[in-house]
């Protein structure tokens, strides 16, 4: 369930006016911006952007970018976008970074349902005049390329039908590859990137029954090999996205310093979906409510924005 | 342009009645079936199926299958289906065959536009409760798997923008791989399966300019290696689908015996699209009109059906 609270009926025109007012004159009224945008769902935000542009002949997103700064600006910018467009931006930002770490690509391709992933690929076309898989393939190589291109290109079947014989035989195939440390094995990539989620869950269950331990436990945990790290992450995302997101939040908060990019990304992308359940998982796992942890780790308008999206009145 | 002639306004109810009448009593009135279905476009055929089922509580397709036989039955069955559903069936029929020859998969993935290919993947889900790429990956291996899965999973960008520098460098990459006989090279598969058609045409042009010969001429022609044959076919489909289809028609007709499957497939899948241009290419290349060649090579109701779809009154 969502954590964000949006009234069913809103006056989009009044919202546009309030945002305009918040951006005018000396200084910016960040609280007013949070009061409006932090309580609007994706469809309402889209309408606000349209109406704002119609009335003021200016792009609301560009205006906000020029008014705001730092982590708060990033959170508002991510939040205001349509979800598929936002994920296209997140993917592109990661692909432009140097290095071979592509965790956001794995997250996007393995936690979205087939129609959502397709919408992201459409949004990528529209925004960057290229296909997502084209960019992923261009920026990667070897096993990483084979895994990531297959994951982002998938249009998985999303029915609930399960083939138990197949689950058993593919659990065995996965185990053999892992046992022999053949992590880039063709079948491993094929199974993870093409099977339906229902079928994969059946396969992971068979794996545990056959081997007495879970596939995630069998995959090297603190691998310096980025490919193996992404493979493990893909399995975790496919198996249990909520549990995966709880862990990303935990990691982003724990230790010295905060990983604001990860914290913002999970809160913004899940606030309209399942952040309520993720919060519950977090509370159970860490003995502290997520809101409290966020309150402690962040500050200023950025903090207010995140707490609002988490369902608090600030 | 299409060759099939369908009136703009038709009485779907009368069509359903005519088909019912053609199927009742002693024998089947094949001519009546051709007179109706051979002159209806995809949307009209879909409506006829719906109305027929509503009135007579029976599936028109199943009824026709029980009434008709041989190549004529196959042609009618292929024709009556929605285009994406028909391609899903064609793909599935090929995947169920033993052997590693998957020409129809290459044809479907490289001659459809991105939205058409996506519609076929949806139709595959609906009909077979699996994804197309899942099936392709399961039934193939090695280089063939890597090429085919990438081709069927592609959702290419379909804009006209071209990056000339990229076209030059990728033409070089293609040439180097071909020169070294590394046909399964990662970059070859990446370029062919992810780049937009506009970008690929620019790359193929650069190839010809740089090497003085076309990429198709550089790829071994009569290779006994099925992978190389499919790679060459993919390039031909991506470069010029109409020219490719003309060749399929020519091959299906020339020599001793006729390849009815290929002949039916091209006529049925292109009759509502570009069969007119393909016919012109055929005539120019073979000095004989396609209708005349079909008339000579086929017979009976099957012949009448094909000639009708080719735009003739029979």
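Pairing the Cα long axis of helix A:42-56 with the longest principal axis of chain A, what angle in degrees results, from 0 to 90 and rounded to the nearest 10?
Here the helix axis deviates by roughly 40 degrees.
So what does log10 I(q)/I(0) come out to for the protein assembly as shown at q = 0.06, 0.12 Å⁻¹, using the Debye formula with one equal point on every Cα and no solvent?
Calculated log10 I(q)/I(0) at the listed q: -0.41, -1.26.
Exposure proxy check: A:124, A:138 ranked by fewest other beta carbons within 10 Å?
On the way: A:124 27, A:138 19.
So the residues, fewest neighbours to most, are A:138, A:124.
Using the basic label-point model (7 angstrom from Cα toward the beta carbon), what is the residue A:250 to residue A:312 distance in nanometres?
Output for this residue pair reads 2.1 nm.
By what distance, in whole Å, do the Cα atoms of segment A:161-314 stretch along each of the three principal axes, largest value first?
Principal extents (Cα only, largest first): 53, 36, 25 Å.
In Å and whole numbers, how far do the C-alpha atoms of segment A:64-192 stretch along each principal axis, longest first?
57, 34, 26
Would you kindly calculate the translational diffusion coefficient of chain B, applying Stokes-Einstein with the Kirkwood radius from alpha carbon pairs, for 10 °C and a viscosity of 1.306 mPa s, and quote it in µm² s⁻¹ without decimals?
Translational diffusion coefficient: 76 µm²/s.
Counting each DSSP H run of 4 or more residues in chain A as -39500 (n - 2.57), what helix-only mean residue ellipticity at 222 nm follows after dividing by all residues, to the nearest 500 deg cm²/dmol?
It comes out at -21500 deg cm²/dmol, rounded to the nearest 500.
Along the Cα→Cβ direction, 7 angstrom out, place labels at residue B:54 and residue A:216. What is the inter-label distance in nm?
If labels sit at residue B:54 and residue A:216, their model points lie 5.1 nm apart.
Under the definition of Cα pairs under 8 Å and six or more residues apart, what whole-number percent is the relative contact order of segment A:243-309?
30
Given the convex hull of the Cα atoms of segment A:83-153, what is a quarter of its surface area in nm²? Walk me through the numbers before you get to the answer.
Numbers: hull surface 15.9 nm².
For the Cα atoms of segment A:83-153, the hull's average projected area reads 4.0 nm².
With each pseudo-label sitting 7 Å past Cα toward Cβ, what's the residue B:296-residue A:29 distance in nm, one decimal?
Placing both labels 7 Å along Cα→Cβ, they lie 8.4 nm apart.
Relative to the longest principal Cα axis of chain B, at what angle does helix B:226-239 sit, 0 to 90 degrees, rounded to 10?
Once rounded, one gets 80 degrees.
Look at the axis of the rotation that sends chain B onto chain A, then give the chain B residue with the nearest Cβ and the distance in whole Å.
B:153, 2
Please work out the Cα center distance from segment B:191-270 to segment B:50-89, rounded to the nearest Å.
Value for the Cα centre distance between the two parts: 30 Å.
Which distances, in nm and shortest first, link the residue A:261 label point to the same label point in every other copy, taking 7 Å along Cα→Cβ?
Nearest first, the other copies' label points are 5.1 nm away.
Restricting to Cα pairs below 8 Å that are 6+ residues apart, what does the relative contact order work out to for chain A? Please round to a whole percent.
It rounds to 21 percent for chain A.
Find every distance from the label point of residue A:116 to the corresponding label point in the other copies (7 Å from Cα along Cα→Cβ) and write them in nm, one decimal, shortest first.
Once sorted, the set of distances for residue A:116 reads 3.2 nm.
Provide, as a two-decimal number, the C-alpha radius of gyration of segment B:241-309 over 2.2 N^0.38 Å, N being how many residues it has.
Taking the Cα Rg and dividing by 2.2 N^0.38 Å, one obtains 0.97.
How far is residue B:286 from the same spot in each other copy, in nm, shortest first, if each label point sits 7 Å from Cα toward Cβ?
From this label point to the equivalent ones elsewhere in the assembly: 7.0 nm.
Rounded to a whole number, what is D in µm²/s for segment A:12-68 from Stokes-Einstein with the Kirkwood radius over alpha-carbon pairs (20 °C, 1.002 mPa s)?
The estimated diffusion coefficient comes to 192 µm²/s.
For the pair residue B:116 and residue A:280, what calculated FRET efficiency results from E = 1/(1 + (r/R0)^6), where r is the Cβ-Cβ distance and R0 = 41 Å, to the nearest 0.05? Provide the component values of the computation, followed by the final result.
Values: r = 44 Å, r/R0 = 1.07.
The pair residue A:280/residue B:116 has a calculated efficiency of 0.40.
So if R0 is 60 Å, what FRET efficiency would residue A:223 and residue B:6 give, r being the distance between their Cβ atoms, rounded to the nearest 0.05?
In this case the efficiency is close to 0.50.
Values quoted throughout were computed directly from the atomic coordinates according to the rules given, and no laboratory measurement underlies them. Because the structure is a prediction, the values reported are computed rather than measured. Please note: Cβ atoms are built from the backbone with ideal geometry, for glycine as well, and neighbour counts cover all protein chains shown.
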